[in-house]
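Asker: Can you keep this structure in mind? I'll have questions shortly.
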Amino acid sequence: MTALGDPRWVVDKVKAAGGLVYHDVTCRRFAQKASDAGVDGFICVNNRAGGHAGNLSAAQLLEELQDFAKPMIAAGGIGSPDAFKQALASGYAGCQLGTRFIASEECSAHDHYKQAILQAGEKDIVLTERISGVPVSVINTAYIQRMGTRAGPLARRLLQGRKSKHWMRTFYALQSIWKLKQSSLRGAQYQNYFQAGKSVGGIQQIQSVKDIVMQYRNVLTSRDPL
């Protein structure tokens, strides 16, 4: 899987080894670039995803990209087996889950992070520019509220510059990698910088990866209506 930028160099190496490449896309423009680079399918990041979310809904992405005739994977908002079943029924070839597996027994994230996911609802997910310079979905903790979600005046100006935006995003990225890693491992003892998507609304307990996978698998064989 690739994300951001031109994936052609990855495609060339992976194809030479007989592999497949799926690229993160949030709209048709990025999907076209990825398709031109030879990717095999799209990870369709919608507006319910954690981390760098898109602006379009899962349904809008499906409609906008279906004429590329490539397999599409839904990414964002798959917090329950029913959501998984609905995504596949709508036409997606599969689903990518992130937030759901953070709240798993095997995940190395701090228990504070996992508990924050369990306690959060969809309305607790906000977008902040202060991690990478572009909107990122996080849980609206007290720390986020103190810091604010908008980049400062100077940062916004630099982010709009043709060359300076790359420097500013690099600065944000290096800063955020450290903060996110510390929050994930140290929890509330550091700073509550917890990335998560709106799928938090469907996550009620911390489970083993095996149990999560089996629940999602079993819903496909259920005869209950959606």
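What follows draws every value from the coordinates through simple rules; no lab data is involved. Every value quoted in this text rests on a predicted model; they were computed, and no experiment measured them. Cβ coordinates were reconstructed from backbone atoms using ideal geometry, including for glycine residues, and neighbour counts include every protein chain displayed.
Asker: Would you tally the residues in the range 46-81 being under 25 Å from Ile212 (Cα atoms) and either of a type in the set (Gly, Ala, Ser) or touching a Pro at 6+ places or on another chain (Cβ under 6 Å) (or both)?
Answerer: Number satisfying all stated conditions: 13.
Asker: Next question, about the same structure. Where in the range 1-106 are the helices (runs of 4 or more DSSP H), entirely inside, with at least 1 residues that are among the acidic types (Asp, Glu)?
Answerer: Here the list reads 8-16, 28-36, 58-65, 81-90.
Asker: Same structure again: Within the range 63-80, is there a residue that is small (Gly, Ala, Ser) and either surrounded by fewer than 18 Cβ atoms within 10 Å (Cβ to Cβ) or farther than 26 Å from Gly121 by Cα (or both)?
Answerer: Yes, that holds for at least one residue.
Asker: Testing Tyr143 on (1) part of a helix (DSSP H, G or I); (2) touching a residue at least 60 places away in the same chain (Cβ under 8 Å), one condition comes back false. Which one is that?
Answerer: All conditions pass for Tyr143, except number (2).
Asker: Can I ask one more? Within the set of pairs 6 or more residues apart or between chains, which connect a residue that is surrounded by 21 or more Cβ atoms within 10 Å (Cβ to Cβ) inside the range 30-57 to a residue that is basic (Lys, Arg) and in a loop (DSSP other than H, G, I, E, B) with Cβ atoms less than 7 Å apart?
Answerer: Matching pairs, first to second residue: Phe42/Lys70.
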